Amino acid sequence: TGRDAFAGEKSTLILIKQLKELPPAPSTFARMPPILDKLVMRCLNKEPEKRPAALSEVSRIFKEII
């Protein structure tokens with residue numbers, strides 16, 4: 001998106017945000033298909049079990065997009 005996911009005046013505040021918060025959805029800053037937006041957010045999920053389990057799953061979703 002050309003923007004930092006987290007901003008702040010101090011690096012410790014940015015680190016805390018990275019650990020505790022989800023970044024804004026990419027579609028907040030750039031036009032993209034909703035399925036791609038959803039995939040990016042799944043990949044960034046703080047809970048590993050909610051992320052895609054394998055690259056093959058990500059690849060399958062990319063193929064649906066194109």
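The values are calculated or read from the model by the stated rules, or taken from the named source; none is laboratory data. This is a predicted model, so every value here is computed, not measured. Neighbour counts are summed over all protein chains in view; Cβ atoms, including those assigned to glycine, are modelled from backbone coordinates with ideal geometry. Heads up: the accessible areas ignore ligands, DNA and RNA and are worked out on the full protein's heavy atoms, side chains in. Shrake-Rupley method; radii C 1.70, N 1.55, O 1.52, S 1.80 Å.
Descriptive notes on the structure:
- Computed over the chain, the range of Cα coordinates on each principal axis works out to 40, 28, 13 Å, biggest value leading.
- Using the 1.4 Å probe convention, the accessible area of the chain works out to 80 Å² per residue with neighbouring protein chains retained.
- Inter-label distance, nm, simple model (7 Å from Cα along the C-beta direction), ILE16/ARG3: 2.2
- Relative contact order (percent, whole number), the chain, Cα cutoff 8 Å, 6+ residue spacing: 24
- Lysines with Cα under 24 Å of LYS50, excluding same-chain neighbours fewer than 8 positions away: LYS17, LYS20, LYS38, LYS63
- Projected label points at ILE65 and SER27, each 7 Å from Cα along the beta carbon direction, are separated by 1.3 nanometres.
- Percent accessible area from carbon and sulfur atoms, the chain, protein chains only, probe 1.4 Å: 58
- Residues of type aspartates and glutamates that LYS46 reaches as a straight line, Cα spacing below 20 Å, ignoring anything fewer than 8 places off in the same chain: ASP4, GLU21, ASP37, GLU57
- As a rough guide to protection, the peptides 36-45, 18-27, 3-12 ranked by mean Cβ packing within 10 Å, highest first, stand as 36-45, 18-27, 3-12.
- The charge dipole of the chain, taken about its Cα centre with unit charges on the Cβ atoms of Lys, Arg (+1), Asp and Glu (-1) only, comes to about 40 debye.
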